[in-house]
Amino acid sequence: MRGLYVHIPFCAVKCFYCDFTAFSGQRAQVARYLRALRSEAERHRGLAFDTLYVGGGTPSELAEAEIRELFGSLPGPYREATFEANPESLDAGKRRALRDCGATRLSLGLQTADDRLLSAIGRKHTWDDFRRVYEACAADGFSVNVDLMYALPGQTLEQSDRSVDAVLALRPDHVSLYGLQVEDRTLFGKREVEVDEDLARAMFESALDRLAAGGLEHYEVSNFARPGRQSIHNRIYWRNGEYLGLGCGASSYLSGERLANLDRLEKYCSAVEEGRSPAAESERLEGRRALGETALLGLRLLEGLAWTPELEAAFPEERRHIEAQGWARLHAGRLRLTREGVFLANRAFAEFVAPFRSHPQPAEVLH
Ligand SMILES: C[S@@+](CC[C@H](N)C(=O)[O-])C[C@H]1O[C@@H](n2cnc3c(N)ncnc32)[C@H](O)[C@@H]1O
Ligand code: SF4
């Protein structure tokens, strides 16, 4: 299986917590960017893909005609095609375009159902805006994922529980749940926002129980789905499969090579326009490092990772260390995260996987 990821780095405004490759005030660059994406896709003509994931940034910032243009420049069809959207920018015309173009799945960013908290984290929609858009998407027949965050500044356990319950009442196919990470370059980072880890733990534990009772199976550190509704595209990442990433800041893993594209809009567009590769860096993963990647990605899946003699020979100390810490358990040939391990991984995966880590992970793999 091979996946195609396309990055749309435009946002109406930047949320206070977000460190993704996403720019506000760059609408004038959209036409140029879509042309660059078309040229970059042409560089890989001949490759076939099972899944598509259009992520951001905010893909729903594209106008209806731009959505049609984007899909028209990509190969297809796909077994699963996901499009990320923010509630304030997904109207009926765009949903129609998405259906016509073969999108099967929408990922809607909610973060919290509390209007005051939404505005405190820089979001431009209310719970009601979200609910209306969610219902329209479900009525159109899309499978919908809802992004939720916890451990937000000033958030109480009750507020976090209420958000989870409000989302469950909509009966979504899929929920992604992330603990707030305070990133240096964001407004929260500059304000030195702090997270109360005990409260974060209580919110996460409570959310796990509620989501399970609501029929959503916890299948990956941050992801929950109804039976048969897991994300096929993201499973390709976690199983360390092949994917091509198109666009500013996107990364790829093809034929054993990891590549990361330039993450400045101007530099990315110029490179493609001049017929150069937009990759800023590339490295071939072999031997122990390739195994380490397989281990750190595979551990994210709650079904665990087949712990082969090859992995044991490469990482005996690391495996003993995370077992001794109580973060994972080896049983019947599989290494699986414990509840403690899952919580740590949801809060700060990069630190948790340090033993297996060989280089920074692309953001879209972790989210
Ligand atoms: C690519 S982002 C945004 C997609 C879309 N633009 C939106 O805002 O809904 C995917 C998700 O990552 C999560 N996220 C982004 N920054 C985060 C942070 N600093 N800590 C925890 N989760 C974060 C949010 O839940 C967000 O919806
Ligand atoms: S969370 Fe989404 S809308 Fe907010 S800045 Fe990040 S990518 Fe843009």
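The values are calculated or read from the model by the stated rules, or taken from the named source; none is laboratory data. All values derive from a computational prediction rather than experimental measurement. Every residue, glycine as well, gets a Cβ built from its backbone with ideal geometry; the counts of neighbours run over all protein chains shown.
Look at region 193-218: where a residue is of a type in the set (V, I, T), no partner that is surrounded by 14 or more Cβ atoms within 10 Å (Cβ to Cβ) and not in a loop (DSSP other than H, G, I, E, B) sits 6+ places away or on another chain with Cβ atoms under 7 Å.
Restrict the check to region 153-173 and report whether at least one residue is small (G, A, S), closer than 22 Å to A12 by Cα and away from ligand 2 (no atom under 14 Å from the Cβ). No, region 153-173 contains no residue that is small (G, A, S), closer than 22 Å to A12 by Cα and away from ligand 2 (no atom under 14 Å from the Cβ). For region 9-32, the candidate set comprises residues that are touching a Phe, Trp or Tyr at 6+ places or on another chain (Cβ under 8 Å) and within 27 Å of G241 (Cα to Cα); within that set, the residue that is farthest from ligand 2 (Cβ to nearest atom) is P9.
The residues of region 33-64 that are more than 23 Å from G241 (Cα to Cα) and part of a helix (DSSP H, G or I), listed by number, are Y33, L34, R35, A36, R38, S39, P59, S60, E61, E64.
Condition check ((1) crowded, with 20+ Cβ neighbours inside 10 Å; (2) over 21 Å from V342 (Cβ atoms); (3) touching a strand residue (DSSP E or B) at 6+ places or on another chain (Cβ under 7 Å)) across all residues:
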| residue | (1), (2), (3) |
| --- | --- |
| G109 | yes, yes, yes |
| D115 | no, yes, no |
| Q155 | yes, no, no |
| R171 | no, yes, no |
| E205 | no, no, no |
| G214 | no, no, no |
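From the list A138, A225, A151, the lone residue that is of a type in the set (A, V, I, L, M), touching a strand residue (DSSP E or B) at 6+ places or on another chain (Cβ under 7 Å) and surrounded by fewer than 17 Cβ atoms within 10 Å (Cβ to Cβ) is A138.
The number of residues in region 287-317 that are surrounded by fewer than 18 Cβ atoms within 10 Å (Cβ to Cβ) and either part of a loop (DSSP other than H, G, I, E, B) or of a type outside the set (A, V, I, L, M) (or both) comes to 11. Among the residues of region 91-118, those identified as of a type in the set (G, A, S) and without any contact (Cβ under 8 Å) to a residue 60 or more places away in the chain are A92, G93, A97, G102, A103, G109, A113.
The number of residues in region 33-46 being surrounded by fewer than 22 Cβ atoms within 10 Å (Cβ to Cβ) and either within 16 Å of ligand 2 (Cβ to nearest atom) or farther than 17 Å from A250 by Cα (or both) comes to 2. Among the residues that make up region 117-124, is at least one of them within 20 Å of the chain's Cα centre (by Cα), within 15 Å of ligand 1 (Cβ to nearest atom), surrounded by fewer than 17 Cβ atoms within 10 Å (Cβ to Cβ) and modelled with pLDDT of 95 or more? For region 117-124, residues within 20 Å of the chain's Cα centre (by Cα), within 15 Å of ligand 1 (Cβ to nearest atom), surrounded by fewer than 17 Cβ atoms within 10 Å (Cβ to Cβ) and modelled with pLDDT of 95 or more: present.
Which of the numbered conditions does E69 fail, given that it passes all the others? Conditions: (1) away from ligand 1 (no atom under 16 Å from the Cβ); (2) assigned to a loop (DSSP other than H, G, I, E, B). All conditions are met except number (2). State whether the residues of region 175-186 include one that is away from ligand 2 (no atom under 16 Å from the Cβ), in a loop (DSSP other than H, G, I, E, B) and either of a type in the set (V, I, T) or free of Cβ contacts under 8 Å to residues at least 60 places away in the same chain (or both). No.
Within the option set E310, E273, E293, E266, being charged (D, E, K, R), farther than 17 Å from G241 by Cα and in contact with a Leu (Cβ under 8 Å, 6 or more places away or on another chain) holds for one residue only, E310. In region 3-20, is there at least one residue being in a loop (DSSP other than H, G, I, E, B), more than 23 Å from the chain's Cα centre (by Cα) and assigned by TED's automatic domain parsing to the domain that holds A85? No, region 3-20 contains no residue that is in a loop (DSSP other than H, G, I, E, B), more than 23 Å from the chain's Cα centre (by Cα) and assigned by TED's automatic domain parsing to the domain that holds A85.
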